[in-house]
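Novice: Quick one: this structure, given as structure tokens, is what I'll be asking you about.
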Amino acid sequence: MSLMDARAGYLQVKVTPKSSKMLGTETDYKTYEFLRLPFGLSVSPMVYQRIMNKITGEYLYRFCVSYIDDVLIYSKSFSDHVHHLRLVLTRLSDAGLCMRADKCIWAQHKLPYLGFVLSGEGIQPEPKKLAIISEARLPQNAKMLKFSRLHSILPPLHSTLRGFNGTFSGATQKRGKVCLD
């Protein structure tokens, strides 16, 4: 497996003149318009992901996966992997995208990615992340519980589950287990 990271992600994507006018920001004296896709827009990740999916096209999910500015290439053999790398790098180059060489990981059997370790055996949680959970101190009193990280998780969870009647749309219950269709 290999993992590549795009340099300056969104900023590699040129914005059309029509869109540039809508992305403008005004100061007292001037109006500034973005010529590249800016970070911080709610649509930027969606637009960039669509572009990456178009670039990787027919390779997507056959030997290549893209997630925002990351491109993961996986193969069964080293010779296939070299061939797959050439295909994907050619596509990225033709599209004018540059990758950060210092953040790329090439031809590994195990690959750390987004808190997980990817390998031929499957996906496992990263040991460092599990250690954080297993070594966390349990709250000893109400004050510790109040100021633990749960205080940031519970309110949104409570509002999400408010009104939940115990059934999922498209779900069936078999022998006490919920099965999603």
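Novice: Leaving ligands, DNA and RNA out of it, rank Lys128, Lys30 by accessible area with a 1.4 Å probe, largest first. Let's see the in-between values first.
Specialist: Working: Lys128 140, Lys30 120 Å².
Solvent-accessible surface, decreasing: Lys128, Lys30.
Novice: Next question, about the same structure. So how strong a dipole does the range 74-139 carry about its Cα centre when Lys and Arg Cβ are +1 and Asp and Glu Cβ are -1, to the nearest 20 debye?
Specialist: Computed about the Cα centre, the dipole is about 100 debye.
Novice: What accessible surface, in Å², does a 1.4 Å probe find on Val82, ignoring ligands, DNA and RNA and rounding to the nearest 10?
Specialist: Roughly 50 Å² of Val82 is accessible to a 1.4 Å probe.
Novice: So, one more: Which net charge results for the neighbourhood of Lys110, defined as the other residues with beta-carbon distances under 12 angstrom from its beta-carbon, given Lys and Arg at +1 and Asp and Glu at -1?
Specialist: Values: positive: none; negative: Glu121, Glu126.
Here the charged neighbours net out to -2.
Novice: Also, I was wondering about something else. How much of the accessible area of the range 19-89, probe 1.4 Å, is carbon plus sulfur, in whole percent? Show your work: numbers first, answer last.
Specialist: Numbers: 2820 of 4850 Å².
About 58 percent, which is the carbon plus sulfur part of the accessible surface.
Novice: Determine, from the Cβ-Cβ distance of Thr90 and Lys18 and an R0 of 35 Å, the FRET efficiency 1/(1 + (r/R0)^6), rounded to the nearest 0.05.
Specialist: Once the sixth-power term is evaluated, E becomes 0.70.
Novice: Hey, another quick one. Express the accessible area of the range 68-150 per residue in Å², computed with a 1.4 Å probe while the remaining protein chains stay in the model. Let's see the in-between values first.
Specialist: On the way: 6300 Å² over 83 residues.
On a per-residue basis, the range 68-150 sits at 76 Å².
Novice: Taking 1 over the mean of 1/r across every pair of different Cα atoms in the range 39-88, what Kirkwood radius in Å do you get? Numbers along the way, then the final one.
Specialist: On the way: mean 1/r = 0.0860 Å⁻¹.
Value: 11.6 Å, from the Cα pair sum.
Novice: Here's another thing I want to ask about it. Could you compute how much accessible surface Tyr113 exposes when probed at 1.4 Å, giving the result in Å² to the nearest 10?
Specialist: Roll a 1.4 Å probe over it and Tyr113 shows about 40 Å².
Novice: Over the range 13-73, what portion of Cα pair distances is larger than 19 Å, expressed as a whole percent? Write out the running numbers ahead of the final one.
Specialist: Working: 786 of 1830 pairs.
Distances greater than 19 Å cover 43 percent of the Cα pairs.
Novice: Any chance you could look up the accessible area of Glu58 with a 1.4 Å probe, heavy atoms only, rounded to 10 Å²?
Specialist: In the full protein context, Glu58 sits at about 110 Å².
Novice: Now for a separate question. Along Cα→Cβ, 7 Å out, is where each label goes; now give me the distance between the ones at Asp5 and Cys98 in nm to one decimal.
Specialist: 1.6
The values are calculated or read from the model by the stated rules, or taken from the named source; none is laboratory data. Everything quoted here is computed from the prediction, not taken from an experiment. We place every Cβ from the backbone using ideal geometry, glycine too, and count neighbours over all the protein chains shown. Side chains included, ligands, DNA and RNA excluded: accessible areas come from the protein's heavy atoms. Shrake-Rupley method; radii C 1.70, N 1.55, O 1.52, S 1.80 Å.
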